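Taking it in order: structure first as structure tokens, then the write-up.
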Amino acid sequence: MNIYKKIYREIKKAKTIVIARHVGADPDALGSSLGLKQVILDNFPNKKIYVIGSPAARFRFIGDLDKLPENYDELYKNALLIVTDTPDHRRVDGVDPRRFNRSIKIDHHPFVEQMCQIEWIDDTASSASQMILEFVFKTRLQFTKEAAEKLYAGLIADTNRFLFANSTPKTFELVSKLIKTTNIDITKTYENLYKRPYKEIKFQGYLSENFIITENNVGYIKINDETLKKYNVDAAMPGNMINNFNHINEMLVWVTFTEDKELGSYRVSVRSRGPIINEVLARHGGGGHIYASGARLKTDEEMDSLIYDLDLVTKEYLEKASN
């Protein structure tokens, strides 16, 4: 039995479904989880479905999250868990996937660990949202426009509007089929994702002026809580903006360290235009894709150690390129 049929069979059988994704939700995490919920409800309206995790105010337009009922033990015993866009149990937001009797993982990150009974991992996919599109088209499920717009938002965010190399022929084929099938309003989706209040533009200017760039083309900036308050932005904002610095000649790798006062740590977002970074981030308790990764760190020493290791990898990359 192929993976699509296995997942479809489990969804059809389940009366209650919990859908989770990674901490620090981005549009793909939200689009894949909320889009999957909408698909299931459109096809099986009598199911109870909870999409959980901390909200991200910036991406509220994708959809609202749910609160779990108080009886967790009953859910762990009887509900089906589906985790999207998350490679390991430590990064799942809201529940421990290892406690569920039935669970499915749908993820496009490189393999880190097995945490679910059924796992569909495709690290050639542009996004978890793309994988949900593929799943729907390979099964008896039907799309509505509402579900399609959620998934499209996740896909275009993770491909940066199809600018990244993860935009493959399959990506374009699935998107073309989606638009033909549902006639989604792509202009509205782009506006929701990329329209900005003026305070964010001012904050982006602050980031641009304050990156420190090493001799080996690693750019980094440490942003404390005081600066966030000054610009009236939240701790998720720098990570959401990191792709805006993709075309700076002097930075091959760039990092934002953002103080998250509530959690007592720094959110770390890293991007690369060549050096492979996910292995470096894994050594510092994080992970992700080869050119887009993240972590959470607590001290200046940990941040400086990560900068040093990224600088070393970038130096090696530049030396190989010159040879």
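Scanning for something surrounded by fewer than 17 Cβ atoms within 10 Å (Cβ to Cβ), within 30 Å of N232 (Cα to Cα) and out of contact with any Pro (no Cβ under 6 Å at 6 or more places or on another chain), does segment 67-81 turn up at least one residue? Looking through segment 67-81, at least one residue is surrounded by fewer than 17 Cβ atoms within 10 Å (Cβ to Cβ), within 30 Å of N232 (Cα to Cα) and out of contact with any Pro (no Cβ under 6 Å at 6 or more places or on another chain). Across segment 137-154, the qualifying residues are those that are out of contact with any Leu (no Cβ under 7 Å at 6 or more places or on another chain) and among the aliphatic types (A, V, I, L, M), and the one among them that is nearest to D64 (Cα to Cα) is A147. A search for C-beta distances below 8 Å between a residue of segment 216-237 that is assigned to a helix (DSSP H, G or I) and any residue that is of a type in the set (V, I, T) and modelled with pLDDT of 95 or more, counting only pairs 6+ apart in sequence or on different chains, returns L228/T258; M237/T258. Residues that are out of contact with any strand residue (DSSP E or B) (no Cβ under 6 Å at 6 or more places or on another chain), of a type in the set (G, A, S) and either in the same structural domain as F111 (by TED's automatic domain parsing) or more than 22 Å from T124 (Cβ to Cβ) (or both) within segment 265-323 comprise S305, A321, S322, listed in sequence order. Can you spot a residue in segment 146-160 that is surrounded by fewer than 20 Cβ atoms within 10 Å (Cβ to Cβ) and basic (K, R)? No; the residues of segment 146-160 include none that is surrounded by fewer than 20 Cβ atoms within 10 Å (Cβ to Cβ) and basic (K, R).
Look through segment 275-292, keep the residues that are outside any helix (DSSP H, G or I) and not aliphatic (A, V, I, L, M), and return whichever of them is surrounded by the most Cβ atoms within 10 Å (Cβ to Cβ). If we take residues in segment 275-292 being outside any helix (DSSP H, G or I) and not aliphatic (A, V, I, L, M), then P275 is surrounded by the most Cβ atoms within 10 Å (Cβ to Cβ).
Within segment 47-60, track down each residue that is surrounded by 16 or more Cβ atoms within 10 Å (Cβ to Cβ) and of a type outside the set (V, I, T).
The initial filter retains those residues of segment 47-60 that are surrounded by 16 or more Cβ atoms within 10 Å (Cβ to Cβ), namely 47, 49-53, 56, 58-59.
K47, Y50, G53, A56, R58, F59, listed by residue number.
Against the criterion of being buried (at least 18 other Cβ atoms within 10 Å of the Cβ), of a type in the set (A, V, I, L, M), closer than 22 Å to Y291 by Cβ and not assigned by TED's automatic domain parsing to the domain that holds A235, A128 qualifies. Within segment 293-323, the set of residues being of a type in the set (S, T, Y) and assigned to a helix (DSSP H, G or I) comprises S305, Y308, T314, Y317, S322. Scan segment 84-106 for residues that are in contact with a Ser or Thr (Cβ under 7 Å, 6 or more places away or on another chain) and not in a loop (DSSP other than H, G, I, E, B) and the total you get is 4. Filtered by the rule that a residue be without any contact (Cβ under 8 Å) to a residue 12 or more places away in the chain and assigned to a helix (DSSP H, G or I), segment 33-55 gives a lone residue, L41. Would you call G94 touching a strand residue (DSSP E or B) at 6+ places or on another chain (Cβ under 7 Å), under 30 Å from V233 (Cα atoms) and in contact (Cβ under 8 Å) with a residue 12 or more places away in the chain? Yes; evaluated as a whole, the condition is true for this residue.
Taking the criterion of being in a loop (DSSP other than H, G, I, E, B) and among the polar types (S, T, N, Q), the only residue of segment 1-32 that qualifies is N2. Residue pairs whose Cβ atoms lie under 6 Å apart, sitting 6 or more positions apart in sequence or on different chains, and linking a residue in segment 1-24 that is under 13 Å from W120 (Cα atoms) and among the acidic types (D, E) to a partner that is modelled with pLDDT of 95 or more and surrounded by fewer than 19 Cβ atoms within 10 Å (Cβ to Cβ), do not occur here.
Considering each residue of segment 112-121 in turn, at least one proves to be within 15 Å of the chain's Cα centre (by Cα) and not assigned by TED's automatic domain parsing to the domain that holds N246. Kindly indicate whether any position in segment 160-170 is over 18 Å from I242 (Cβ atoms), modelled with pLDDT of 95 or more and in a helix (DSSP H, G or I). Yes, there is a match, as at least one residue in segment 160-170 is over 18 Å from I242 (Cβ atoms), modelled with pLDDT of 95 or more and in a helix (DSSP H, G or I). Restricting attention to segment 312-323 and to residues that are buried (at least 18 other Cβ atoms within 10 Å of the Cβ) and of a type outside the set (S, T, N, Q), the residue that is nearest to T258 (Cα to Cα) turns out to be V313.
Within segment 172-215, restricting attention to residues that are part of a helix (DSSP H, G or I) and of a type in the set (K, R), which residue is nearest to E134 (Cα to Cα)?
Taking segment 172-215 as the starting set, the residues that turn out to be part of a helix (DSSP H, G or I) are 172-182, 186-194, 198-210.
Retained after the next criterion (residues that are of a type in the set (K, R)): 177, 180, 188, 199, 202.
On the way: K177: 10, K180: 15, K188: 23, K199: 38, K202: 39 Å.
Across segment 172-215, the extreme among qualifying residues is K177.
Within segment 153-175, residues that are among the aromatic types (F, W, Y) have Cβ atoms under 8 Å from residues that are assigned to a helix (DSSP H, G or I) and crowded, with 16+ Cβ neighbours inside 10 Å in these pairs: F162/I156; F162/T171; F164/D158, counting only partners at least 6 apart in sequence or on another chain. Within segment 211-239, the set of residues being closer than 14 Å to K199 by Cα and polar (S, T, N, Q) comprises T227, N232.
The values are calculated or read from the model by the stated rules, or taken from the named source; none is laboratory data. Since we're looking at a predicted model, the values are computed, not measured. Heads up, the Cβs are rebuilt from the backbone with ideal geometry, glycines too, and the neighbour counts pull from every protein chain shown.
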